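First the structure, in the form of structure tokens, and then the observations on it.
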Amino acid sequence: MSRKALIVPVVLTVLGAGLGSCNKEKDTKATVTVLDSAGAAVNGAYVKLYADPVDPLQADFTRLTKEGTTGSDGKVIFDYSEFYKRGQAGFAVLDILATKDSLSGEGIIRIEEEQDNEETVVVKVAL
């Protein structure tokens, strides 16, 4: 077998392995939908995602806090892609607070890395 015949498969193997490791990270997003008690989308609701750790001295999670306002479809999207590092196991479980005028609701969202994570919060009149 010629030397050239040996080099071509080796080069192709190396290039193939290199291309497979260049996968682009997918976005890590959290979408919260706010509905009223009748199931209608709530436009203009304030939504806050935040960490509420059991041991507050463990780490500073305030960097994960994000706030936004829902659109006409009752949805607000938060992008957490900048916080995810490839190879990291797990990401975050965050509390949700949603309010609009006298309506409020709470929930929890588990954010999985490189996925579109969704949660719905129903807002009601606070008693």
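The values are calculated or read from the model by the stated rules, or taken from the named source; none is laboratory data. Please read these numbers as outputs of a predicted model, since none were measured by experiment. A quick note on method: Cβ atoms are made from the backbone with ideal geometry, for glycine too, and the neighbour counts reach across all protein chains shown.
What are the residues in segment 109-127 that are loosely packed, with under 12 Cβ neighbours inside 10 Å and modelled with pLDDT of 95 or more, if any? Give the derivation first.
In the first step, residues of segment 109-127 are kept if they are loosely packed, with under 12 Cβ neighbours inside 10 Å; the result is 124-127.
If the condition is that a residue be loosely packed, with under 12 Cβ neighbours inside 10 Å and modelled with pLDDT of 95 or more, then Lys124 is the only one that fits.
Could you list all residues from segment 83-108 that are at pLDDT below 85 and surrounded by fewer than 16 Cβ atoms within 10 Å (Cβ to Cβ)? Passing the criteria: Phe83, Lys85, Arg86, Gly87, Gln88, Ala89, Gly90.
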